[in-house]
Each structure stands twice: as structure tokens, then as C-alpha cells.
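> Before anything else, here's the structure in question.
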Amino acid sequence: MTKLLKLLPSVDRLLNAPECAELIGRYGFAPCKRAVQRELAALRGALKAGRLDARALVKSKRFPAALYEAAQRELAEEFGASLKPVFNLTGTVVHTNLGRAALPEAAVQAMAAAAGSACNLEYDLELGGRGDRDSHLEAALCELTGAEAATVVNNNAAAVLLVLNTLAAGREVVVSRGELVEIGGSFRMPEIMAGANCVLRETGTTNRTHLRDYAAAIGGNTALLMKVHTSNYEVRGFTQAVSGRELSELAAERGLPFVNDLGSGTLVDLARFGLPHEPTVAEALAEGAGLVTFSGDKLLGGPQAGIIVGSRELIDRLRRNPLKRALRVDKLTIAALVEVLKLYKDPHTLPEKLPMLADLTRPAAEIKALGERLLKPVSDLLGKDVSVSLVDCKSQIGSGALPLEQLDSAALRLTPVADKGARDAALRQLASQLRRLPRPVIGRIHDGHLLLDLRCLRDADGFLAQLRELGPNR
Ligand SMILES: *Cc1c(COP(=O)(O)O)cnc(C)c1O
């Protein structure tokens with residue numbers, strides 16, 4: 001056995017061979033050494049187990065080329081991108097698992113510029129001394145919402161946490177039982193309350209809460225009144241909720257702050273683009289809220305961020321909480337958000353410039369025309385094992401924004417041609433093949449078909465070129 005093992009070349013010999021030079025040039029010496037070691041160890045293992053004929057192996061013309069190829073595959077995997085651009089054909093425009101809003105070009109460029117260089121993140125260029133990172137955003141946020149002051153943290157969950165911990169640690173927060181929302185993942189209002197060290201004081205019932213319920217819930221230990229947007233569900237039927245204006249008035253009477261967690265938070269009335277109306281941040285402030293919290297990457301169409309606007313006094317208190325330091329945003333987020341907010345200064349052009357809004361407002365007729373153009377080539381490329389048709393479908397906004405509003409759209413419907421028993425497996429295999437493309441294609445499985453909703457498909461040529469690659473080996 002020892003003699004047989006000695007037939008295999010040493011790691012050093014393999015690494016010093018001219019055939020290995022390109023691999024080392026591309027991936028570096030140390031990673032190549034580890035990969036070659038792993039491949040050699042696998043051969044030794046196979047040899048010891050009697051699964052490999054060492055003499056035949058070293059004489060074979062494919063050796064050691066096959067070993068280098070295996071090492072190359074391993075290294076390509078190791079060094080390949082983990083975070084890949086994908087085609088979002090799920091029909092959910094703002095898809096949390098797919099990274100929510102795609103950013104406008106100006107924001108992408110600003111992020112790249114800030115990323116590759118030192119910048120005046122917290123440096124006052126006028127005075128030549130320490131500055132404040134909020135200063136890059138505060139004026140624009142105030143202008144767009146009518147607020148006195150604004151600050152930004154990592155996401156809206158962090159915004160809610162910071163507000164609760166600052167204004168109500170160790171004290172009670174009054175919230176309607178109809179608004180104890182869970183957002184996908186682990187954001188659940190009762191748990192955020194506990195995490196912020198507050199006592200949740202529920203009031204009213206699931207379907208009906210009255211102003212008198214809030215009034216009755218206020219006691220000596222109450223710190224604030226809170227309203228939470230029921231983002232991803234709707235209570236329908238015999239219902240009653242209290243408006244932000246009434247709650248603001250009650251809070252003011254009792255000398256308490258009123259906080260409105262808007263969730264998606266839009267800066268403009270979406271109705272002007274033919275979408276359903278969502279309460280805007282300016283409206284929530286005009287109702288009298290002391291603070292309003294919302295996400296940067298839902299209906300705003302910007303980077304992941306949590307934005308808090310409201311009274312100067314309350315915002316200053318948030319800034320003094322040490323948690324603010326732990327939840328702050330980095331220069332990349334600020335760079336992107338600054339650019340996105342600039343687009344809001346001229347709302348007319350938003351649907352052209354903000355990809356999220358471009359997708360949400362894309363006319364159904366345009367999507368259908370794209371489908372008609374793609375139907376034949378896609379059908380040809382997928383071959384006779386898959387039948388392809390163009391169907392009407394509904395897209396949704398996503399990320400807990402306007403859960404019941406559905407947008408007219410069109411989808412390519414892919415159906416594997418297979419016996420009844422094998423159909424499910426064939427469908428899953430087709431979906432998996434599309435996910436393994438260089439730019440993965442993510443659709444949704446519905447009722448025995450794979451639907452590719454074309455609403456968010458912009459690079460149709462790139463999409464087709466990839467399917468060509470999939471070709472006959474499917
Ligand atoms: C989405 C949402 C959050 C959480 O926001 P993230 O930006 O995802 O952290 C909090 N509250 C409400 C009402 C929401 O809709």
C-alpha cells in the first residue's frame with residue numbers, strides 16, 4: 001500500500017508543475033495548495049479503499065489534468081459570488097428574501113464612490129472638525145415630510161426599538177390589540193416591546209378599539225401611546241380603529257408622546273401613479289404624531305434603513321441613547337438614501353427613475369407585450385419536455401405593503417410534460433435548473449405550473465441568452 005501511495009505525486013510537485021501556474025495566478029498559492037491537498041487526499045482514500053488503480057491512474061493521459069480540473073471547480077465555487085443578482089419573476093415586487101428595492105443608478109454610483117474612498121461621513125468640511133452623520137439626510141427628510149427633525153438607523157425594526165427604549169424603558173406603552181403585528185422573520189410587536197424593556201399595555205379587541213379604550217388604559221406608569229400600521233394583514237367586517245389625529249389629541253391632553261409606526265412609509269401619495277393610497281409620512285405628522293417611523297426599502301424604494309422623523313425634542317432624546325450608536329447606518333446607506341431622497345424632490349419623474357416604482361406602475365399591456373415576444377423563443381429553448389403558455393396573473397407589492405392590492409400582470413406558465421406521477425418531481429427539477437443559472441431565475445410554483453411573472457423583467461435579452469445556455473442538457 002505504501003508503495004502504491006508513493007506512486008501519487010507530492011503536493012509540491014503538483015503545485016510546481018507548469019500546468020498549475022494559471023490556477024495559482026488566478027486564486028493564489030495558499031488556496032490552490034489546500035485544493036490540491038484535498039484532491040490528493042481523496043485519491044489516497046480511494047486507493048486505500050481499493051476503489052482506484054494507482055498504476056493505471058498515473059499512466060493515464062488524463063492525469064494530473066483531471067486533478068487540476070477538480071481543484072479548479074472547487075476553487076471556482078469557493079471564490080464565486082455568494083450574493084448574486086437574480087431575475088425576480090416571483091410576482092412580488094418588493095421581495096424581502098430577494099433584497100427588497102433595487103436602487104436607482106444614481107444611488108448605486110454614490111455607494112460605489114463612498115465605498116472606495118475616505119469621505120466626510122462625520123466630518124464638517126466647513127469647520128474642519130467633527131460632524132454628524134445625520135446631517136447628510138436630515139434637511140431632505142424634513143423638507144419632504146414637514147418634520148422638525150429626523151434621524152436614521154439600520155432598519156425600521158431598529159427604529160421602533162430605539163424609540164421604545166428611549167421613551168418608555170421600564171414603563172408602559174399602550175397599543176391596540178388589533179395592531180400587534182408580526183412582520184415576516186422575527187419582528188413581532190410584543191417581542192420588540194420586551195426587547196426594548198417596555199411593558200406592553202394592550203387595549204381594545206382584535207377587531208374594535210375605541211378612543212375610550214386608550215383613555216382607560218392610561219395610568220401612572222404610561223410612557224407613550226403607539227399606533228402600528230397593520231402592514232401585512234387587514235381586519236375586515238365589524239371593525240373600528242382610532243385615527244392618528246384622535247390619538248395625538250388624547251396623548252397631548254395627557255402629556256404623553258404619540259408614536260406612529262407606519263411600516264412602509266411613503267413620501268408621496270401613490271394614488272397619483274394609479275396605485276392605492278397609503279398614508280404618507282407627511283400626513284401622519286400632520287395628524288400630530290410626535291414621532292413617525294418607517295422603512296427605507298419598502299415603498300420608499302431606497303436602501304435598507306429605518307427612518308424616524310418628528311419633533312426636535314424627541315429626536316434629540318433618541319440621539320442621546322447609547323443604543324443609537326449600536327443601530328447607526330454606515331456611509332453606504334447614507335450615500336444611497338441621499339440620492340433616493342433627491343428623486344422625491346421632483347415626484348413627476350419618480351416612476352422613470354425609481355426602479356421599485358417603475359415596476360409597480362408598469363402597465364399590464366406592456367408586460368403582456370413582453371410575454372408575447374418571449375413566448376416562442378422560451379418555448380423553443382426549453383424544448384418539447386416543457387409546455388409554455390402566456391397567462392394573465394396578479395403581482396403583489398410585497399414586504400407587507402398593501403397586502404390585498406393585486407396588480408394586473410402577465411406570466412409565462414411553464415408546465416413539464418410528464419406522466420401524472422412524475423409531474424411534481426419534474427416541476428421541482430425545472431425550478432431548480434432555473435435557480436442554478438449564472439443569474440438565477442426565481443419564479444413561483446402555483447397549481448402544478450411554474451409561473452414566471454414578467455413584471456420585473458427588464459433585461460429580456462440576458463434572460464433569453466441564459467436559457468440558451470441551459471440548452472439541451474436540461
Ligand atoms: C416592515 C415593518 C417593520 C419592520 O421594518 P424593517 O425595515 O423590515 O425592519 C416594522 N413595523 C411595521 C409596521 C412594518 O410594516
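> Just to be sure before I move on: is L121 away from the ligand (no atom under 16 Å from the Cβ), open to solvent by less than 50 Å² (accessible area, probe 1.4 Å), over 27 Å from V259 (Cβ atoms) and touching a residue at least 24 places away in the same chain (Cβ under 8 Å) in the structure I sent? Quick ask: steps written out before the conclusion?
Numbers: away from the ligand (no atom under 16 Å from the Cβ): yes; open to solvent by less than 50 Å² (accessible area, probe 1.4 Å): yes; over 27 Å from V259 (Cβ atoms): yes; touching a residue at least 24 places away in the same chain (Cβ under 8 Å): yes.
Answer is yes for this residue.
> Exactly one of (1) small (G, A, S); (2) closer than 30 Å to L437 by Cα; (3) in contact with a helix residue (DSSP H, G or I) (Cβ under 8 Å, 6 or more places away or on another chain) is unmet by A140. Its number?
Condition (2) is where A140 drops out.
> Please specify each residue of region 336-357 satisfying the condition of being of a type outside the set (S, T, Y), part of a helix (DSSP H, G or I) and open to solvent by less than 20 Å² (accessible area, probe 1.4 Å). Walk me through it before giving the result.
Taking region 336-357 and keeping what is of a type outside the set (S, T, Y), we get 336-343, 345-348, 350-357.
From what's left, part of a helix (DSSP H, G or I): 336-343, 347-348, 350-353, 355-357.
Passing the criteria: A336, L337, V340, L341, L350, M356, L357.
> Just to be sure I understand, how many residues within region 293-320 are within 15 Å of the ligand (Cβ to nearest atom), surrounded by fewer than 22 Cβ atoms within 10 Å (Cβ to Cβ) and not in a loop (DSSP other than H, G, I, E, B)?
The total comes to 0.
> Filter region 379-424 down to residues that are over 16 Å from P363 (Cβ atoms), within 27 Å of the chain's Cα centre (by Cα) and at pLDDT 95 or above, then give me how many there are.
3
> Look through V329, V386, V417, V391 and report the one residue that is aliphatic (A, V, I, L, M) and within 16 Å of the ligand (Cβ to nearest atom).
Testing whether each residue is aliphatic (A, V, I, L, M) and within 16 Å of the ligand (Cβ to nearest atom) leaves just V329.
> Quickly run through region 154-183 and pick out the residues that are open to solvent by less than 10 Å² (accessible area, probe 1.4 Å), touching a Ser or Thr at 6+ places or on another chain (Cβ under 9 Å) and either more than 14 Å from the ligand (Cβ to nearest atom) or of a type in the set (A, V, I, L, M, F, W, C) (or both).
If the condition is that a residue be open to solvent by less than 10 Å² (accessible area, probe 1.4 Å), touching a Ser or Thr at 6+ places or on another chain (Cβ under 9 Å) and either more than 14 Å from the ligand (Cβ to nearest atom) or of a type in the set (A, V, I, L, M, F, W, C) (or both), then A159, V160, L162, V163, A168, V173, V174, V175, V181 are the ones that fit.
> Would you please name the residue that is nearest to R13 (Cα to Cα), looking only at residues in region 58-97 that are crowded, with 18+ Cβ neighbours inside 10 Å and among the hydrophobic types (A, V, I, L, M, F, W, C)?
L67
> Residues that are open to solvent by 10 Å² or more (accessible area, probe 1.4 Å), within 16 Å of the ligand (Cβ to nearest atom) and farther than 26 Å from E313 by Cβ: list the helices (runs of 4 or more DSSP H) wholly contained in region 186-286 that include at least 2 such residues. Working first, answer last.
On the way: elements: 189-195, 211-217, 244-253, 281-286.
It comes to 189-195.
> Can you find even one residue in region 434-442 that is more than 30 Å from A305 (Cα to Cα), among the β-branched types (V, I, T) and either more than 24 Å from the chain's Cα centre (by Cα) or modelled with pLDDT of 95 or more (or both)?
Initially, region 434-442 is screened for residues more than 30 Å from A305 (Cα to Cα), giving 434, 436-437.
Now drop any that are not among the β-branched types (V, I, T), which leaves none.
No, region 434-442 contains no residue that is more than 30 Å from A305 (Cα to Cα), among the β-branched types (V, I, T) and either more than 24 Å from the chain's Cα centre (by Cα) or modelled with pLDDT of 95 or more (or both).
> Which one of the conditions (1) open to solvent by 20 Å² or more (accessible area, probe 1.4 Å); (2) on the phi > 0 side of the Ramachandran plot; (3) within 16 Å of the ligand (Cβ to nearest atom) does G398 fail to meet, given that it meets all the rest?
G398 satisfies every listed condition except (1).
The values are calculated or read from the model by the stated rules, or taken from the named source; none is laboratory data. Computed from a predicted structure; not experimentally measured. Cβ coordinates were reconstructed from backbone atoms using ideal geometry, including for glycine residues, and neighbour counts include every protein chain displayed. Surface accessibility is based on the protein's heavy atoms, side chains included, excluding ligands, DNA and RNA. Shrake-Rupley method; radii C 1.70, N 1.55, O 1.52, S 1.80 Å.
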